[in-house]
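**Q** Take this structure first; my questions come after.
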Amino acid sequence: MRTFVVVAKELSFHRAAERLFLAQPTVSLHIRQLEELVGYPLFERSGKKVKLTAAGERFRIHAHRILEAHDEALSDLARWKMGYDDRLDLLLSPLCAELTLPIVWKEYTTRYPHVEMRIYTTLSPSVGGGIAAGRSHIGLSRLPSSHPHTVSELLHPDPVVLIAPGGAGGAQADYRELLLHHPLLTKNHPEYWDDILYQLHDLRVPMRPMPVSQVHVTKRLIERGVGISFLPMSAVQEEVATGKLAIVPTPDLRLPSAGTYIITPREKNLPQAAQDFLALLKGRIGCWH
């Protein structure tokens, strides 16, 4: 099966043999045995050229799934042999991975050393779909999930503030004046930008929007004087405390709150490891804020 997958990718028995550290006749034998087993020719051969048959194209999808299941079974046995009695898979947006996970990571792994944790990241709009598909036990996102087979719970509200470089004057600065001379770094958070931009347009505040897709990139650009931006307080509190960034008042704007959301399957019980993680996370977030 693994030989078939490599030949299907390389479309060359010779290159597949090199990748698999096998003799080329052995590769040919593996493919012939597999074709006899499934009852269909999987490759068309014309001299040195190889291409998948229609049956081969269709079978390749199943071959990948079979190998994934095989590898996962062996991995599970290896974890069991090493003493791991459970596993916790988390699917996080990049901002949640940067800000929320570290709050409980060390304490959780210390309390539950026999739980194997696996961390995956994706953009906030994709977290709900990943949880619904069973790819992880718990999701943490900056957006609630719209998927009907998931449940979203607000972990904590997160006030949004206007952030400028540390030497920009802070509480004495005029945000309209700053926007005259600095680009407004937008679209770095999935939840609140439409509302803020609508208010700025409605108030006829001059601005030059510059989309930047990641919060951590936005912060570094602001520190270097490239622009200013509206960011969640949790993302900037360390830099504000050290003077690298400054909060600028916006008295005529109604600034929203962002949020961190826990996303779980709607009709599926969480394993104990996931329940323990959520209990610790909710307790620590309450103390942290």
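**Q** Between VAL38 and SER257, what length in nm is gained on full extension when 0.36 nm per residue of separation is reduced by their alpha carbon distance?
**A** Extra length available between VAL38 and SER257 comes to 73.1 nm.
**Q** How many percent of the alpha carbon pairs in segment 81-197 exceed a separation of 24 Å?
**A** The answer is 45 percent, as a whole percent.
**Q** Find the Cα radius of gyration of segment 208-261, compare it with 2.2 N^0.38 Å by division, and give the number to two decimals.
**A** So segment 208-261 has a normalised radius of gyration of 1.16.
**Q** If you don't mind, there's one more thing I want to ask. Report the label-to-label distance for MET117 and GLU267 in nanometres (one decimal), using points 7 Å from each Cα along the Cα→Cβ vector.
**A** It works out to 3.2 nm between the two label points.
**Q** Inverting the mean 1/r over all pairs of different Cα atoms, compute the Kirkwood radius of the chain and quote it in Å.
**A** Kirkwood radius, the chain: 23.0 Å.
**Q** Taking the alpha-carbon distance from LYS219 and a cut-off under 23 Å, which lysines remain once sequence neighbours fewer than 8 residues away in the same chain are dropped?
**A** Excluding near neighbours in sequence, the set is LYS187, LYS244.
**Q** Considering only DSSP beta bridges where both residues belong to the chain, give the percentage that are antiparallel (nearest 5).
**A** Once the DSSP bridges in the chain are tallied, antiparallel ones form about 65 percent.
**Q** Here's a follow-up. Under 5 Å between amide H atoms, partner at least 5 residues away or on a different chain: which partners does VAL151 have, H built in plane at 1.01 Å?
**A** THR264, ARG266
**Q** Could you give me the radius of gyration and the Dmax of segment 1-117, taking only the C-alpha atoms into account and expressing both in angstrom?
**A** In Å, with Rg to one decimal and Dmax whole: 20.8, 61.
**Q** Where does segment 101-153 land on Rg/Rh, using Cα atoms and the Kirkwood Rh?
**A** Taking Rg over the Kirkwood Rh, I get 1.02.
**Q** Can you show me the helix-derived [θ] at 222 nm for the chain, built from DSSP H runs with n ≥ 4 at -39,500 (n - 2.57) apiece and divided by the number of residues, rounded to the nearest 500.
**A** Roughly -15000 deg cm²/dmol at 222 nm, from the helical runs in the chain.
**Q** Under the √(5λ) rule applied to the eigenvalues of the Cα gyration tensor, what semi-axes describe the equivalent ellipsoid of segment 156-258? Give them in Å, descending.
**A** Taking √(5λ) for each Cα gyration eigenvalue gives 18, 16, 13 Å.
**Q** Now, a different point. Can you list the aspartates and glutamates whose alpha carbon is less than 17 Å from that of LYS106, not counting same-chain residues fewer than 8 positions off?
**A** Straight-distance partners of LYS106: ASP89, GLU98, GLU116, ASP276.
**Q** In segment 173-265, which trypsin sites (Lys or Arg not before Pro) fall in coil by DSSP and have 13 or fewer other Cβ atoms within 10 Å?
**A** Passing sites in segment 173-265 are ARG204, ARG224, ARG254.
Here, each number is a calculation from the coordinates, and none is a lab measurement. Quick caveat, the model's predicted, so the values are computed rather than measured. Neighbour counts are summed over all protein chains in view; Cβ atoms, including those assigned to glycine, are modelled from backbone coordinates with ideal geometry.
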